[in-house]
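The values are calculated or read from the model by the stated rules, or taken from the named source; none is laboratory data. Owing to the predicted nature of the structure, the values given are computational and were not obtained by experimental measurement. Ideal geometry is used to build each Cβ from the backbone, glycine not excepted, and the neighbour counts take in all protein chains shown.
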Amino acid sequence: MMVRSTAEILVFIAFIGAQTVAGQSWMTQTGTVEFISSVPFFTFTGTSEHLTGVINLADSTVDFYVDLSTLKTGIGKRDKDMRLSLDIKEYPFAEFYGKLITDFDRSIPDGQAAMVEGVFTLHGVKKNVRLSGVLQLIGDQLVLDAGWDLNLEDYNIVPPKLLIVKVDEIQKIRITATLDPMNSQ
Amino acid sequence: MKQFSGIKYRPVCLFLFLALSIGAGTVQAQIPRRLVDPGGPVDELFLSQNIVVTSSVSNLPAGNLNFTIMHVFGRVDEGVQSLWGVDGPANIRFGLDYGISDRLSIGVGRSQFDKLYDFRFKANLLRQSKDGKMPIELALKGDMGIMTESNGFEFSDRLNYLGAVMLARRMSDKISLQVSPMISHFNTVSTEHNGETDMHVEEKTHFAVALGGRILVNDRVALLVEYIPVFGDRTTATENAFAVALNIETGGHVFVIYLKTSDYLTEQHVIARNSEEFFRGDFRLGFIINRVFSLN
């Protein structure tokens, strides 16, 4: 009888644990990544609607990636330049894996400043980074908005040239996503 | 009830415990990285929308506008006195093409010779896929030219047409090949007589099969070759057109430098009105500048 009770308790604990983790996890596959590149006299924007990621408030894990081939700048030839510069055949993803290092209070309806710390990987180069953004719980969805400056040189990326004009090394990155609770997917 | 005795019940519960624990644990692990479209279309079979004179299967992305300047000089065998044809009579065509979708583009152009305006479309019916499920690229092209030279012709007499089916395949990272059966038609042609003998007979309709190939030297430079044999009846003294070209891509530009037969710049004219034979030394130097803009 004691054996049976112990086993039942283990199952119950595991089940509750799984529910707790699942209940605090949100996921998206349709987030937006946008980068703004500058060249002398004008700027252009690249966008992907395929940002995929999970935020798990139970263990503070934040995991995002984007298939770089989905980034579009509006001109096919420029997209090709970008793909060549990023060497996406060899390194098809840009990704972040880390932890949320600020508290998030689910009872607050407004957006809350959030900071993550982890490894950002691009072009095969891994960098420890600390990024800030805003998290907001709207209904049962978690909304993310974050931005930072990315230096191409840090990731051994040679900025492409448009004729003789070189694209600026600093790229302004912005990600926005509405994440759905994972237990509803 | 027997199966729920303590001995058998415990392994079941332990299994559930492990399954639930692992199940919960996978949420914390990195999510698997997946490409959005691993079987999508292969990258550019050709760097530009043309091989040299003939169209390639490559089409403009939706919302992209391509401005083209095609220029051909006189014959190289005119020698140094005319700077190998640069001083000779030249033909030039300005063109605009627009990608309505990733598979359909329309365009208009104007050539100096015959003061020719041409209107065209290109539609990709099949796209070669990266996963090999679709091994070829298939596209159609139509072009209608209107000669506007002042010569007293009726409007319908001024029209000429081209229809082409383009079959292509990127054979490897470096090599793409294309075969294009095509037909050209002129509503009006002329025949010159010398007494009772026809000296020069122009055919209204020509059939040809254009063969094209590309070798990528690197990601931005390619060598191209093009041969357009004509089959069946042909205009007197018409030769099969031939061309070689060098493509150089820099950002939104594709520059093409070529050696080709014929001073015409539209396919229907090159098929029907080329009297130059490349390997006799009858060829011309020319260039094409393509510039792509986004209207998105």
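Here are the numbers for this structure:
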read-out: Some residue of the stretch A:51-60 being out of contact with any Phe, Trp or Tyr (no Cβ under 9 Å at 6 or more places or on another chain), surrounded by 20 or more Cβ atoms within 10 Å (Cβ to Cβ) and not acidic (Asp, Glu); value: no
read-out: Only listed residue being at pLDDT 80 or above and either under 19 Å from the mean Cα position of the chain (by Cα) or over 18 Å from B:Gly251 (Cα atoms) (or both), chosen from A:Ser38, A:Ser60; value: A:Ser60
read-out: B:Asp198 being at pLDDT below 95, part of a strand (DSSP E or B) and more than 23 Å from B:Lys122 (Cα to Cα); value: yes
read-out: Filter result for the condition that a residue is in a strand (DSSP E or B), under 26 Å from B:Phe121 (Cβ atoms) and either modelled with pLDDT under 95 or among the basic types (Lys, Arg) (or both), over B:Phe287, B:Phe293; value: B:Phe293
read-out: Subset of the stretch B:34-60 (residues that are closer than 18 Å to B:Leu126 by Cβ, surrounded by fewer than 19 Cβ atoms within 10 Å (Cβ to Cβ) and at the interface with chain A (Cβ under 9 Å from one of its Cβ atoms)); value: B:Asp37, B:Gly40, B:Asp43
read-out: Failed item, numbered, when B:Asn218 is tested on (1) touching a residue at least 24 places away in the same chain (Cβ under 8 Å); (2) of a type in the set (S, T, N, Q); (3) within 14 Å of chain A (Cβ to nearest Cβ); value: (1)
read-out: Yes/no for B:Asp173 being within 14 Å of another protein chain (Cβ to nearest Cβ), out of contact with any Pro (no Cβ under 6 Å at 6 or more places or on another chain), at pLDDT below 95 and part of a loop (DSSP other than H, G, I, E, B); value: yes
read-out: Members of the stretch A:31-86 that are touching a Ser or Thr at 6+ places or on another chain (Cβ under 9 Å), free of Cβ contacts under 8 Å to residues at least 24 places away in the same chain and either more than 11 Å from chain B (Cβ to nearest Cβ) or at positive phi (or both); value: A:Thr43
read-out: Sole exception among (1) in a strand (DSSP E or B); (2) at pLDDT below 95; (3) not β-branched (Val, Ile, Thr) for A:Asn183, by number; value: (1)
read-out: Tabulated pairs, the stretch A:100-118, first farther than 13 Å from A:Gly133 by Cα, second outside any strand (DSSP E or B), C-beta under 9 angstrom, 6+ apart or interchain; value: A:Arg106/A:Gln24; A:Arg106/A:Leu57
read-out: Matching residues in the stretch B:217-269 - criterion: being surrounded by fewer than 19 Cβ atoms within 10 Å (Cβ to Cβ), assigned to a strand (DSSP E or B) and over 15 Å from the mean Cα position of the chain (by Cα); value: B:Val217, B:Asn218, B:Val221, B:Phe231, B:Ile248, B:Thr250, B:His253, B:Ile257, B:Leu259
read-out: Of residues in the stretch B:88-116 being aromatic (Phe, Trp, Tyr) and surrounded by 16 or more Cβ atoms within 10 Å (Cβ to Cβ), the one nearest to the chain's Cα centre (by Cα); value: B:Tyr98
read-out: Subset tally (residues that are in contact with a Gly (Cβ under 7 Å, 6 or more places away or on another chain) and more than 14 Å from chain B (Cβ to nearest Cβ)) for the stretch A:87-116; value: 2
read-out: Members of the stretch B:124-163 that are modelled with pLDDT of 95 or more and among the acidic types (Asp, Glu); value: B:Glu137, B:Asp143
